[in-house]
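Student: Quick one: the structure is below, questions incoming.
The values are calculated or read from the model by the stated rules, or taken from the named source; none is laboratory data. Predicted model, so just to flag it, every value in this text is computed and none were measured. Neighbour counts are summed over all protein chains in view; Cβ atoms, including those assigned to glycine, are modelled from backbone coordinates with ideal geometry.
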Amino acid sequence: MKAVFGISAIALGSSVAFAGGPVVTHEDSFNAFGADMPYGTNNANANFAIARNGAIEIGVKAKERFVGELATDGLGRYFANAGSPNNDGNATWNIDFGFALPQAALPSNYEFLLMVDFDPGFGTQSWVTIDVSQTLQNFFLNVNQGGDSQNPGFNLWSVSTSGPLQRELDASGYIPFDPNTLGEYDVRLILTEVTGAPLAEAAIVVEVIPTPGTFALLGLGGLVATRRRR
């Protein structure tokens, strides 16, 4: 297992420094890109948790699928509604992630690990880890820049998965995921050298809350405010 660093520092504030120098900022934009990210369309360069280490930038965020930005607490926690917009098993929210390496960098010198905790329980974790530089053919769009947007309901998570507390696949070969389940999902994007030496890490939490119409019915109107005061 590759070394992971800076996990506990994520919750300390909107800008924190790792012992080795990298800095994480929240609700931030990539310096290397313009208003839009270089993958697909309508993918804004905004609202990321970004880790910088010299000329290296990596970042991850959650967004509302087909719509845009989600509400956050400014410290890396995003609030998404439960449900599946098209009743296709996909969540209302996507995970966006990207990177920018020094101009002279070779992608083969790095490893990008995308880790997603598919256990929705608060304080419990069951990780799926994907080396996105190997799995996603279009991840390196411009040799030293790129990224992608993925939904937790997509079959990406059932391909080349590995890591601690691996989720069991269901009968269809998919990671079990219910977009209607309330809870929280941890996400980490980790950049290392091919030797395993850590370079940068960005981490977020996606909290899935009831749809607006159910707040009044369930008397849970204070749920979001309570979570934001953490």
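Student: Residue by residue through the stretch 49-71, note down the ones that are in a loop (DSSP other than H, G, I, E, B), surrounded by 14 or more Cβ atoms within 10 Å (Cβ to Cβ) and either without any contact (Cβ under 8 Å) to a residue 60 or more places away in the chain or aliphatic (A, V, I, L, M) (or both).
Tutor: Of everything in the stretch 49-71, those that are in a loop (DSSP other than H, G, I, E, B), surrounded by 14 or more Cβ atoms within 10 Å (Cβ to Cβ) and either without any contact (Cβ under 8 Å) to a residue 60 or more places away in the chain or aliphatic (A, V, I, L, M) (or both) turn out to be Ala55, Leu70.
Student: Quick check on this structure: which one of Thr195, Thr161, Thr181, Thr135 is among the hydroxyl-bearing types (Ser, Thr, Tyr), modelled with pLDDT of 90 or more and more than 23 Å from His26 (Cα to Cα)?
Tutor: Details: Thr195 fails: modelled with pLDDT of 90 or more; Thr161 fails: modelled with pLDDT of 90 or more; Thr135 fails: modelled with pLDDT of 90 or more.
Answer to the check: Thr181.
Student: Given (1) modelled with pLDDT of 60 or more; (2) surrounded by fewer than 19 Cβ atoms within 10 Å (Cβ to Cβ); (3) within 30 Å of Pro102 (Cα to Cα); (4) not hydroxyl-bearing (Ser, Thr, Tyr), identify the lone condition not met by Asp148.
Tutor: (2)
Student: Now for a different question. Criterion first (hydrophobic (A, V, I, L, M, F, W, C), closer than 27 Å to Phe66 by Cα and at pLDDT 85 or above) does Leu189 satisfy it? Break it down stepwise before answering.
Tutor: Numbers: hydrophobic (A, V, I, L, M, F, W, C): yes; closer than 27 Å to Phe66 by Cα: yes; at pLDDT 85 or above: yes.
Judged against the criteria, Leu189 is a match.
Student: Right, something else. Does the stretch 84-92 contain at least one residue that is hydrophobic (A, V, I, L, M, F, W, C) and either without any contact (Cβ under 8 Å) to a residue 40 or more places away in the chain or surrounded by 21 or more Cβ atoms within 10 Å (Cβ to Cβ) (or both)?
Tutor: yes
Student: Please go through (1) farther than 19 Å from Tyr185 by Cβ; (2) in contact with a Ser or Thr (Cβ under 6 Å, 6 or more places away or on another chain) for Met115 and return the number of the only condition it doesn't satisfy.
Tutor: Going through the list (1) farther than 19 Å from Tyr185 by Cβ; (2) in contact with a Ser or Thr (Cβ under 6 Å, 6 or more places away or on another chain), Met115 breaks only (1).
This table checks each residue for (1) touching a Gly at 6+ places or on another chain (Cβ under 9 Å); (2) farther than 16 Å from Gly153 by Cβ; (3) of a type outside the set (Phe, Trp, Tyr); (4) modelled with pLDDT of 90 or more.
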residue	(1), (2), (3), (4)
Leu70	no, yes, yes, yes
Asn81	no, no, yes, yes
Phe97	yes, yes, no, yes
Pro107	yes, yes, yes, no
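Student: Here's a follow-up. Please find, within the stretch 29-50, the residue that is modelled with the highest pLDDT out of those that are under 23 Å from Glu111 (Cβ atoms) and either touching a Leu at 6+ places or on another chain (Cβ under 8 Å) or not hydrophobic (A, V, I, L, M, F, W, C) (or both).
Tutor: So the residue we want is Asn31.
Student: Just to be sure I understand the filter: pairs with C-beta atoms under 6 Å, separated by 6 or more residues or on different chains, first member in the stretch 115-142 and closer than 21 Å to Ala200 by Cα and among the small types (Gly, Ala, Ser), second member outside any helix (DSSP H, G or I) and at pLDDT 70 or above. Which pairs pass?
Tutor: Between residues of the stretch 115-142 that are closer than 21 Å to Ala200 by Cα and among the small types (Gly, Ala, Ser) and residues that are outside any helix (DSSP H, G or I) and at pLDDT 70 or above, the close pairs are Ser133/Phe112.
Student: If we scan the stretch 8-17, do we find a residue that is modelled with pLDDT of 95 or more, within 19 Å of Val187 (Cβ to Cβ) and surrounded by fewer than 20 Cβ atoms within 10 Å (Cβ to Cβ)? Can you show your working first?
Tutor: Looking only at the stretch 8-17, we keep the residues that are modelled with pLDDT of 95 or more, and these are none.
No, there is no match, as no residue in the stretch 8-17 is modelled with pLDDT of 95 or more, within 19 Å of Val187 (Cβ to Cβ) and surrounded by fewer than 20 Cβ atoms within 10 Å (Cβ to Cβ).
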